[in-house]
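Have a look at the structure below, then the notes.
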Amino acid sequence: MKSQKTSALIMRSKAAARTTFFLSALLIIGLSTVMGADFWETKDFTKWSAKECEKLLTNSPWAWELKLYRTGYLGAGEGAEGQAYVKYTIRFMSALPIRMAQVRQAQIANNYDKLSDEQKQAFDKQTEGFLNADFSDKVVVSVLYETNVPQNHQELDRHWKTQTTAIFSNSVYLTPNKGEKARLLEYRPPQGANRDFAFIFPREVDGNPLITDENKSLILEFPYQAVGGIGDGKGFAEFKVKKMMIKGGLVY
């Protein structure tokens, strides 16, 4: 009898140990998932820091910096010593996280967190249309250009403001690693003193989604003007589709 009781106690002890191990494993997995998630998945955008906004807008699943250099000494009036560069910051404006980051930047610049409830409501009303814009049938890619050579800025301004949709119709594409490439629907040149333009593509090609979760990458291909001996005129930006997923859905 004593032996049977001992065996029963041992079995219950082992079962309890297995349960404890299983629950601990679940806890570890849960913590790993949370710890591995990016801030745009775990934090309300009104709590994002300036640094987090900058990261999302320059180096994230929806933003890519293409920086082109010319090594050597900058000529008189060109700037400081070092490398001359032209930088293109490419962003999916149709992706909500990008618009959230831009709105949050505006909030920080206007001390939103210290505003009264009434002032916050007025601010929210001004940005509501931008945040809730409908991109169900199109993909909008914004491109911001910068350079540390003033003369190059003038040339780039002149170039991008004089381009048209027709000029780019056979040279600008959004291409998945599998499936059909999307041709340009519209080119929107920089307005006024702004130094950003936009490429607009269809979200479907031949009745099929441009990308699905089975795709590995999405590549923007566009020509640019090589100024000051910088670059070769061929622009590429590759985005990883898997990283563009939020809560199981593709965001772009």
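Values quoted throughout were computed directly from the atomic coordinates according to the rules given, and no laboratory measurement underlies them. From a predicted model like this one, the values you see are computed outputs, not experimental measurements. Ideal geometry is used to build each Cβ from the backbone, glycine not excepted, and the neighbour counts take in all protein chains shown.
What the table shows:
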read-out: DSSP-loop GluC sites (Glu not before Pro) across the stretch 184-252, with at most 13 other Cβ within 10 angstrom; value: Glu214
read-out: Sorted by Cβ neighbour density within 10 Å, fewest at the top, the residues Trp160, Trp62; value: Trp160, Trp62
read-out: Globularity ratio of the stretch 59-214, using Cα Rg and 2.2 N^0.38 Å; value: 1.25
read-out: 21 Å Cα-Cα threshold exceeded, pairs from Lys67/Lys216; Lys125/Lys247; Lys47/Lys247; value: Lys67/Lys216; Lys125/Lys247
read-out: Length gained when the stretch Asp206-Lys234 is fully extended (0.36 nm per residue, less Cα-Cα span); value: 7.4 nm
read-out: In nm, spacing of pseudo-spin labels at Ala226 and Asp137 (7 Å Cα→C-beta vector); value: 4.0
read-out: Sites Thr127 and Tyr69 - FRET efficiency at Förster radius 30 Å, r taken between beta-carbons, to 0.05; value: 0.25
read-out: Efficiency of FRET from Cβ geometry, Ile108 and Asn170, R₀ 41 Å, rounded to 0.05; value: 0.50
read-out: Eligible aspartates and glutamates near Lys178 by straight Cα distance, threshold 16 Å, same-chain separation 8 or greater; value: Glu204, Asp206, Asp213, Glu214, Glu221, Glu238
